[in-house]
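The values are calculated or read from the model by the stated rules, or taken from the named source; none is laboratory data. Quick caveat: nothing in here was measured; it's all calculated off a predicted structure. All Cβ positions, glycine included, derive from the backbone under ideal geometry; neighbour counts span all protein chains shown. Note: accessible area is taken over every heavy atom of the protein model, side chains too, but ligands, DNA and RNA are not part of it. Shrake-Rupley method; radii C 1.70, N 1.55, O 1.52, S 1.80 Å.
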Amino acid sequence: QVQFVTSGGGLVQAGGSLRLSCVGSGTTIGDSAVGWYRQAQGNQRTLIGAVSGGGRTTLTGSVKGRFAISRDNAKNTVNLIMNNLNPEDTATYYCNYIPPNPNAWGQGTQVTVPS
């Protein structure tokens, strides 16, 4: 069964930092592009950034300049480093391929930044 297992979420005060990790289970990320997505309560899941097979990263919208993405192919892992968090970052965070494998979402990891 293909699945991405995410971890590292939690409750953090505004201005704080977190590091999320995502491990491919039943799949080898290899040289595939992998994205980080998030879904706030009541909203659709959206792509916030990605890392190409060659390690090139792209971040979008409000996370640009605050978040960073890295990958470690030897560990089959992609990381999301989040700095200067604010309440609008509260969401469940997932990773998946680009385009996403609909069967591989996993449970995600919850990040909560209280206002």
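Taking Lys and Arg as +1 and Asp and Glu as -1, the other residues whose beta-carbon sits under 14 Å from that of P87 total 0. Over the chain, accessible surface divided per residue gives 51 Å², non-protein components excluded, 1.4 Å probe.
Residues D89, D72, D31, sorted by accessible area with the largest first, give D31, D72, D89 [1.4 Å probe; ligands and nucleic acids excluded].
Each of W105, W36 has its accessible area taken with a 1.4 Å probe; listed largest first, they run W105, W36. Expressed to the nearest 5 percent, the antiparallel share of DSSP beta bridges inside the chain is 95 percent. Here region 18-115 has 48 percent of its accessible surface on carbon and sulfur atoms, given a 1.4 Å probe and all protein chains in place.
Of the residues N84, N103, N73, the one that moves most in a GNM of the chain with alpha-carbon contacts below 10 Å is N103. With K and R counted +1 and D and E -1, the other residues having a Cβ less than 13 Å from that of G61 yield a net charge of +1. The spacing between region 86-106 and region 36-81, judged by their C-alpha centroids, is 9 Å. Along the chain, the longest continuous region that contains none of the trypsin sites (Lys or Arg not before Pro) in a DSSP loop with at most 13 other C-beta atoms within 10 Å is 1-55. Among L80, L11, L47, whose mean-square fluctuation peaks in a Gaussian network model of the chain (Cα, cutoff 10 Å)? Its mean-square fluctuation being the largest, the pick is L11. Only Lys, Arg, Asp and Glu carry charge here, each on its Cβ (+1 for the first two, -1 for the last two); on that basis the chain has a dipole of about 100 debye about its Cα centre. The calculated FRET efficiency for the pair V2 and R56, based on their C-beta separation and a Förster distance of 25 Å, comes to about 0.55.
Residue separation of A40 and E88 scaled by 0.36 nm, minus their Cα-Cα distance, works out to 16.4 nm of gained length.
Considering only Q13, Q1, M82, and ranking their Cα positions along the charge dipole of the chain that arises from unit charges at the beta-carbon of Lys, Arg, Asp and Glu, the one farthest toward the positive end is M82. Between G24, G53, G15, the Gaussian network model of the chain with springs among Cα atoms under 10 angstrom shows the greatest mean-square fluctuation at G15.
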